[in-house]
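A quick write-up on the structure given underneath.
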Amino acid sequence: MGIRLNKKAIFIAISLLVPMSGLAAPGKYEKMAVDLMDQQKFTQWQHYASATPFFAMNGRRFAMTIDDFADIVSNSFQECEDLDAYTNRKGTTDDCKSYVYKGIKEWVNLSQDKSVSDTAWKMGQRYAFNTRNPIAHKNAWDFNGMAGGIRVAKSQGY
């Protein structure tokens, strides 16, 4: 099993969503993600090849620290920055952040779903990195892609 992580430490790690080099302060979707993560069950587990304990969320293990995960969530939202200017359309940045949050929320719900097998979960995780979606790079995750991959794997009986 693992050690229950201190909720305050999790909240602090994830609430530092915007890197110091970022220009924007955490917005409403980033804050909603922090609130959502604060409601999850986080534990630690020790990997034989790591000096630092990794974390599990709702029983789903990750081969990274909680700080690494906080950076990934931050980077996922950061990929949306400046889209208003890039697309010359007001609201695009907000739409992108809403989409990222929607994916995080569905991914979290799937992490709690006992009918999702470990195999389906792992297939979904891999699916997010085998995509043409431009958001799945720069140490950012395509949470919507993961959720979709998990749903597909589950529908195929995995």
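The values are calculated or read from the model by the stated rules, or taken from the named source; none is laboratory data. What you are looking at is a predicted structure, and each value in this text was computed from that prediction instead of being measured. Cβ placement follows ideal geometry from the backbone for every residue including glycine, while neighbour counts extend to all protein chains displayed.
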Pairs needed: first member in region 140-153, at negative phi; second member anywhere, modelled with pLDDT under 95 and among the acidic types (D, E); C-beta distance under 6 Å; at least 6 residues apart or different chains. A140/E79
Residue check: is A63 on the phi < 0 side of the Ramachandran plot, touching an Asp or Glu at 6+ places or on another chain (Cβ under 9 Å) and modelled with pLDDT under 90? no
Of the numbered conditions (1) of a type outside the set (S, T, Y); (2) touching a strand residue (DSSP E or B) at 6+ places or on another chain (Cβ under 9 Å); (3) under 26 Å from S115 (Cα atoms), R60 fails exactly one; give the number of that condition. (2)
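Rundown of residues vs (1) at pLDDT below 95; (2) over 21 Å from M37 (Cβ atoms), yes/no style:
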residue	(1), (2)
Q112	no, no
Y127	yes, yes
I135	yes, no
M146	yes, no
K154	no, yes
Given region 50-119, what helices (runs of 4 or more DSSP H) lie entirely inside it while holding 3 or more residues that are surrounded by 15 or more Cβ atoms within 10 Å (Cβ to Cβ)? 66-78, 92-112
Can you give me the number of residues within region 51-97 that are polar (S, T, N, Q), more than 21 Å from Q125 (Cα to Cα) and out of contact with any Leu (no Cβ under 6 Å at 6 or more places or on another chain)? 3
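What number of residues in region 20-53 are at pLDDT below 85 and either within 16 Å of the chain's Cα centre (by Cα) or within 23 Å of E106 (Cα to Cα) (or both)?
Total satisfying the criteria: 1.
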Check Q40 against each of (1) assigned to a helix (DSSP H, G or I); (2) surrounded by fewer than 20 Cβ atoms within 10 Å (Cβ to Cβ); (3) out of contact with any Pro (no Cβ under 9 Å at 6 or more places or on another chain); (4) not small (G, A, S) and name the one condition it does not meet. (1)
